[in-house]
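*Asks:* Take a look at the following structure, please.
No value in this document is a laboratory result; all are computed from the given coordinates. Just so we're clear, the structure is a prediction, and the values are computed from it rather than from any experiment. Using ideal geometry, Cβ is built from the backbone for each residue, glycine included, and neighbour counts are taken over all protein chains shown.
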Amino acid sequence: MAYIALYRKWRPGSFKDLVGQEHISRTLSNAITSGRIGHAYLFSGPRGTGKTSTAKILAKALNCEQGPTPDPCGECEQCRKINDGSSMDVFEIDAASNRGIDEIRDLRETVKFAPVDGRYKVYIIDEVHMLTSEAFNALLKTLEEPPAHVVFILATTEAHKVPATIQSRCQRYDFKRITVEEIRERLAYVAEEMQLDAEDEALTMIAVQADGGLRDALSILDQCSALAEGKITAERVRQILGLVGHDWIYRMTRALAAHKAQEVLEIIAELLRDGKDLKQIVAELSLHLRSLMIYQAAGTVANMDLYAEQDEVLKEQTQLFTSEQIMQMIKRLHEAMNEMKWSPQPRITVEVALLALCRPEAAAVNPAAAPAAAADPRIAQLEAKLAQVTAALAARPAAPAAAAKAAVRPAPPVQAQTAPPPAPLEVTAADAEVWDTLLRRLRETNKMPILACVQQGSFAGMTEKQFFIQFKGSLMASLTMRNYRQQLEALLQEITGRELHLSCSGEDMPMAPPPRPKPKPRAESIPLPEEPPTIPVDLNDIPPEERAPLETAFNYFGDHVVEIEDDK
């Protein structure tokens with residue numbers, strides 16, 4: 001007889017055999033016992049947690065000759081056919097390869113027919129999130145009102161990709177990740193039944209590497225049993241899985257704490273010569289740092305799904321770092337793991353990250369204060385001058401209270417003055433070329449509003465961190481900083497290759513005082529204007545078409561017509 005893989009041989013056959021999913025097995029058992037069987041179920045959760053196995057158990061519970069029963073016998077003809085996949089009433093559909101609307105239309109036609117042998121026709125659609133939108137729409141009506149003899153079971157690892165209209169028509173069951181302890185107990189049971197000699201540490205290591213999936217754990221155990229000579233040891237599991245091992249990680253952690261960069265690089269080189277994977281090295285180092293962080297915070301790592309590390313080692317190495325340093329180190333290692341995906345030389349990326357962790361000043365730098373201090377070197381000079389002025393004022397002797405009261409008199413108004421602009425910087429040819437390139441880029445990208453605003457000012461120089469533009473008025477300077485600062489800084493970074501902070505300044509010209517009004521002459525000295533002579537007008541001499549408007553004007557303003565002289 002052909003060999004059967006452990007994850008197939010030890011697939012659960014009843015609700016009692018499900019590991020880590022008691023909330024689901026209990027709910028389904030009660031539903032079957034009470035006769036409240038739903039027409040559609042949605043099983044969601046990580047891989048290897050029992051979704052498809054639970055679907056087959058439910059199909060057997062519904063069609064068992066002793067049922068419907070929450071404990072299918074597994075020996076009757078219906079149970080045997082469902083177990084070996086030959087049942088005419090249970091259909092397993094892989095939505096990843098049958099995801100189109102044509103397959104769903106065929107399914108809609110077959111659901112109309114009655115079951116061949118059992119009580120129910122059960123449709124198990126695995127990875128249902130892979131169906132197309134058209135296929136979901138075609139399935140929608142059938143899923144909402146299927147025939148009484150049909151039960152749909154949808155399984156997926158990404159429930160958020162299933163439309164809400166589908167989810168609302170199903171009873172949803174969320175499968176949780178299986179804990180390390182539950183997986184280890186199941187592996188110990190399987191090893192005992194298969195007469196495999198395995199160390200507890202080896203089984204724990206396999207359970208941790210399974211990452212919450214019992215199927216993966218059984219596959220790793222199957223591989224280890226095939227390659228191990230006699231007893232399955234932790235060292236054998238470490239070799240098969242390519243794990244680095246505690247001793248190497250402990251040694252690297254001590255080297256990082258002592259800032260021994262050469263020893264860290266030598267450890268990396270030795271591990272790579274032994275065939276270890278860079279990603280695995282960084283992952284195990286971050287997991288060890290996580291153990292140190294949790295041990296520092298809680299005093300224990302029990303029930304935390306971590307490696308079985310000795311308390312003596314954890315207690316020793318937690319004294320090497322502060323909690324802030326450990327969190328910064330974990331953050332830097334995770335950044336390195338993300339960079340490795342796109343780096344042409346992943347080894348260099350890892351070495352740079354580890355050398356950065358070796359620097360004693362790396363953990364002492366406050367990342368929030370660094371950009372502010374580097375933004376403008378003149379801030380430090382201003383702060384120093386302010387401190388000197390404050391010290392000089394504090395050193396002046398205080399005058400007696402009586403003299404101070406006698407000397408108090410209203411101070412004359414001081415005329416406000418505009419603060420002088422910053423000292424001009426020397427503009428080199430390279431700096432001027434950056435300015436010209438900036439204007440040309442704005443013109444080429446058709447950013448005319450920004451160009452029109454920037455051209456109102458003049459280039460005032462640049463430093464390693466800042467780019468200065470001088471405007472004639474503060475209004476245009478504040479408008480540029482408020483509306484266009486981010487876009488200009490992005491263009492400057494593309495042109496120069498470094499981050500530059502835009503600084504705009506403008507000096508408002510003092511307004512000229514309004515002219516003083518001339519003194520008005522007295523009323524009695526103002527000569528009265530002479531009244532112009534009136535001109536007699538005879539309306540009879542005017543044509544009829546011009547007479548009507550004049551008559552209207554006379555009615556409003558009177559018939560006193562005067563002659564107006566033109567100023568030549």
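*Asks:* Tell me, what ³J(HN,Hα) does each residue in segment 13-20 have, in order and in whole Hz, if you take phi through Karplus 6.51 cos²θ - 1.76 cosθ + 1.60 with θ = phi - 60° and put x for Gly and Pro?
*Replies:* x, 8, 5, 5, 7, 5, 9, x
*Asks:* Separate question: Fewest first, what order do Leu354, Leu140, Leu271, Leu187 take by the number of other Cβ atoms within 10 Å?
*Replies:* So the ranking, lowest neighbour count to highest, is Leu140, Leu271, Leu354, Leu187.
*Asks:* Just how large is the dipole of segment 246-358 about the Cα centre, in debye to the nearest 20, putting +1 at every Lys and Arg Cβ and -1 at every Asp and Glu Cβ?
*Replies:* Magnitude of the dipole: close to 300 debye.
*Asks:* Order these peptides, 200-208, 95-103, by their mean beta-carbon neighbour count within 10 angstrom, highest first. Mind showing how you got there, number by number?
*Replies:* Values: 200-208: 21.4, 95-103: 15.2.
The peptides rank, most packed first, as 200-208, 95-103.
*Asks:* Let me ask something else about it. Multiplying the sequence separation of Ala258 and Glu134 by 0.36 nm and subtracting their Cα-Cα distance, what value in nm do you get?
*Replies:* This chain segment gains 38.5 nm when fully extended.
*Asks:* If we count other beta carbons within 10 Å of each Cβ, what is the order of Phe152, Phe113, fewest first? Write down the numbers at each step before the final one.
*Replies:* Numbers: Phe152 24, Phe113 11.
Fewest to most other Cβ atoms nearby, the residues stand as Phe113, Phe152.
*Asks:* Which of the three applies to segment 72-132, rounded, prolate or oblate, going by the alpha-carbon gyration tensor with a ≥ b ≥ c and a/c under 1.5 meaning rounded?
*Replies:* Since a/c reaches 1.5 but b/c is at least a/b, the shape of segment 72-132 is classed as oblate.
*Asks:* Which whole-number percent is the relative contact order of segment 180-241 (Cα, under 8 Å, 6+ apart)? Intermediate results must be reported in sequence, preceding the final value.
*Replies:* Values: 59 pairs, mean separation 24.3, N = 62.
RCO, segment 180-241: 39 percent.
*Asks:* For the pair Leu479 and Lys141, how long in nm is the line joining their label points, each one 7 Å along Cα→Cβ?
*Replies:* Placing both labels 7 Å along Cα→Cβ, they lie 6.2 nm apart.
*Asks:* Hey, can you grab everything whose amide H is under 5 Å from the amide H of Tyr41? Only 5+ residues off in sequence or another chain; H modelled, so Pro and N-termini drop out.
*Replies:* Excluding prolines and chain starts, which carry no amide H, the hits are Phe152, Ile153, Leu154, Gln171.
*Asks:* Of Phe136, Gln171, Ala95, which is farthest along the charge dipole of segment 74-203 in the positive direction, counting Lys and Arg as +1 and Asp and Glu as -1 at C-beta?
*Replies:* Phe136
*Asks:* In debye, nearest 20, what is the charge dipole magnitude of segment 104-228 about its Cα centre with +1 on Lys and Arg Cβ and -1 on Asp and Glu Cβ, if you could check? Intermediate results must be reported in sequence, preceding the final value.
*Replies:* Details: 14 positive and 22 negative charges, 220 e Å.
Dipole about the Cα centre, nearest 20: 1060 debye.
*Asks:* While we're here: Taking +1 at the Cβ of each Lys and Arg and -1 at the Cβ of each Asp and Glu, which of Gln280, Ala257, Leu354 sits farthest along the dipole of segment 246-358 towards its positive end, judged by Cα position relative to the Cα centre?
*Replies:* Leu354
*Asks:* Points 7 angstrom from Cα along the Cβ direction at Arg105 and Leu439: gap in nanometres?
*Replies:* If labels sit at Arg105 and Leu439, their model points lie 6.6 nm apart.
*Asks:* Let me ask another. What are the ³J(HN,Hα) couplings of segment 288-296, residue after residue, when phi is run through the Karplus curve with 6.51, -1.76, 1.60 and θ = phi - 60°? Round to Hz, x for glycine and proline.
*Replies:* Computed from phi, the couplings for segment 288-296 are 5, 5, 5, 4, 5, 5, 5, 5, 5 Hz.
*Asks:* Cβ neighbours within 10 Å, averaged per peptide: list 284-293, 49-58, 430-439 in order, most packed at the top. Intermediate values should be presented prior to the final figure.
*Replies:* Working: 284-293: 20.1, 49-58: 23.7, 430-439: 15.0.
The most tightly packed comes first, giving 49-58, 284-293, 430-439.
*Asks:* Order these by the 10 Å Cβ neighbour count, fewest first: His246, His259.
*Replies:* In increasing order of surrounding Cβ atoms, one gets His259, His246.
*Asks:* Treating only the Cβ atoms of Lys and Arg (+1) and Asp and Glu (-1) as charged, compute the dipole magnitude of segment 55-106 about its Cα centre; round to the nearest 20 debye.
*Replies:* With Lys and Arg at +1 and Asp and Glu at -1, about 100 debye.
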